[in-house]
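The values are calculated or read from the model by the stated rules, or taken from the named source; none is laboratory data. What you are looking at is a predicted structure, and each value in this text was computed from that prediction instead of being measured. Cβ sites come from the backbone with ideal geometry, for glycine too, and all protein chains shown count toward neighbours. Ligands, DNA and RNA are excluded from the accessible area calculation, which covers all protein heavy atoms including side chains. Shrake-Rupley method; radii C 1.70, N 1.55, O 1.52, S 1.80 Å.
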Amino acid sequence: MTEPAELRERPSVLALSGGVGGAKLALGLYHVLEPWQLAVAVNTGDDFSHIGLHIAPDIDTVMYTLAGENNTELGWGRAGETWNFMDQFGQLGGDTWFKLGDGDLAVHMRRQQLLDAGCPLSEVTARFCGAKGIHAHIWPASDEPVRTIVHTADERKLPFQNYFVEEQCKPRARGFSYEGAASSKPNQGLVDALADPSLRAVIICPSNPFVSIDPILKIPGTRDALRACKAAIVAISPIVGGNAIKGPLAKMLGELGSPVSSRSILDHYRDFLSGIVIDEIDAELAATMDLPTLVAPTVMVDLDDKTKLANTVLEFADHLAMKSN
C-alpha cells in the first residue's frame, strides 16, 4: 500500500537554524536523510524591509544552500551573482549599504508580490523551495514579524541588519530584544513536529543563540514545546577554541560578561537540551559539562565535513533517545 502523502512528508528530524553556519549543517542533514525527512525552522529575526522589499536573509541562505545555489566565496547570496541593479541604483543615489544581487533581487521582488497578494511567508517559502526542487521543509519560524533589536552600550536600539551589515558589528552589545515576538505565533509545522511522538531528533544548528535561535525561542509556546518534546534535542556549539567560526558571537558573549565557551551555549539551552556536541579542540571541556557531551570535528569546510557531522549528530541523538527509554 502506498503511504499517504501527509505521512510520507512528515519530517523525522527538525533543525532550528540561522543563516550561514546553520545552513551548513542543514545541508549535511539534507544529504544523509531521505527526501522530506528534514524540516528546518529558520530564524526570521533578521528579516527587514529594504527598498520596499521584504528581505529574509536566513531563509534565503538556507534555501540557496539546499538548492546548491549559495555563494561559497562570499558566504552569503547566490553563486554566479551579478550586480548591475545595485551599481545603477547607487549611481542614482540609492541606498547600497545592503547589497542585493540581480538574481537575489528577483527572489525579493517575487516574495513581496506574493506577500502583498495575501500569501503568508511560510507559503511563499514553500513555493520558492518547490520551484528550486528542494525536498525538505523550510519553515519561517513565524509568519508574523519578529525582529531582533541589538541594544548597544551607547544606548541605541539597532535593528539587526543595521548592526550587522551597516555598522559591521562594531557597537558594543549590552542586550537584545525581539520586537513582535510576544504577539506572534510559531509556524504550525514546527508545533506539529515537536509534538509528534515519532520525531527522531531536534537539532539546534551551530548558529548564534542570541540573534539566530532566540528569535525562534521567544515566539510564545516554542520553548515550552521544546521542553515537552519526546525526541532527543542536541545542540552543536558554534564556539570552537574560544572563538566563533563565523559572526559576532564571541564578541557578544564577551560584551555580555559570559565565557566565550561551549559551556555558555549549554547554559543557554539547558532547560530543554538533551546533549551537546563540541569540537575536538575543546575536548577538555567535556569533563566539566553536566549534560551528555560528544566531542567531534564540528568545523565544516566541504560537503564531506557536513555529512559526517550530520551523521555524528544523528547517531548521538539516537544514543540519547535509547538511554532515556
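Data table
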{"quantity": "Those residues of the range 167-215 which are farther than 29 Å from Val240 by Cα, surrounded by fewer than 15 Cβ atoms within 10 Å (Cβ to Cβ) and of a type in the set (Ser, Thr, Tyr), in sequence order", "calculated": "Ser183, Ser198"}
{"quantity": "For Gly22: the one exception among (1) under 27 Å from Arg147 (Cα atoms); (2) at pLDDT below 95", "calculated": "(2)"}
{"quantity": "Among the residues listed as Val107, Val124, Val146, the single one being buried (at least 18 other Cβ atoms within 10 Å of the Cβ), under 20 Å from the mean Cα position of the chain (by Cα) and under 22 Å from Pro220 (Cβ atoms)", "calculated": "Val146"}
{"quantity": "Strands (runs of 3 or more DSSP E) wholly inside the range 216-310 that include at least 1 residues being open to solvent by 40 Å² or more (accessible area, probe 1.4 Å)", "calculated": "293-295"}
{"quantity": "Filter result for Phe128 (touching a residue at least 24 places away in the same chain (Cβ under 8 Å), farther than 30 Å from Met322 by Cα and part of a strand (DSSP E or B))", "calculated": "no"}
{"quantity": "Where Ala39 falls short, out of the listed (1) part of a helix (DSSP H, G or I); (2) buried (at least 23 other Cβ atoms within 10 Å of the Cβ)", "calculated": "(1)"}
{"quantity": "Pairs, first under 16 Å from Leu253 (Cα atoms) and of a type outside the set (Gly, Ala, Ser) in the range 159-178, second outside any strand (DSSP E or B) and open to solvent by 40 Å² or more (accessible area, probe 1.4 Å), C-beta under 6 Å, six or more apart", "calculated": "Arg172/Ala153; Arg174/Ala153"}
